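What follows draws every value from the coordinates through simple rules; no lab data is involved. If you're wondering where the values come from, they're calculated on a predicted model, not measured in any experiment. FYI the Cβ positions are ideal-geometry reconstructions off the backbone, even for glycines, and counts take in every protein chain you see.
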């Protein structure tokens, strides 16, 4: 059995390569079947992307959230309470979406879509086996057996894709549940924020009506800090002595004094 299975896989691979490289023509399926395949592929991609985007919506990146502005303590308390209420509503939304949207979507992906893709893959293998035996002109009973399996897989693949594509009522109902959950979440958040804005406006008016006292900045003297001017005054005479410049004789005065002393000395010698 193992050898027979291996031989069958080799024949399928040979048929596939012959069609792709050698130009052999395989059995053509009708346009309706190909259109169902295309829609099924789109559904598979859509379900995967929808699950990823929904999970990202329920658990956003915390670094992307805006920082709350600093306000007075009482206003911060009101803001904190409102945010806590909104967080509770968000948790309720998470539970609702996971139970009524993500879980059915996951079941669709892991059960219905998986089964349809299995039948399509099996159909492709049996089609290659059927074409290979026809091309090799195998025995009639072998060709007949391959044809019966091919026909069986074709029917299963068609029925599976049809049921999937026609089950739009249930799938749209799940989307409605998702949208209703978001609407309820945003409605409750809107009411919470309305009350918060009214409360903060009242606190703003209360702060504006509060009488303001006159503010006089303190000086260094008020703070008992010694100033440079007061230190100079405490030094008394030494301060004035240091501040008075000493009159130094000029070069001409020194020269004149020297000449006068020389004449006085010469006069004494002559006497």
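Computed from the Cβ-Cβ distance with R0 of 30 Å, the FRET efficiency linking residue 110 to residue 32 stands at 0.65. In nm, what is the difference between 0.36 nm times the number of residues separating residue 166 and residue 191 and their Cα-Cα distance? The span from residue 166 to residue 191 would gain 5.0 nm if fully extended.
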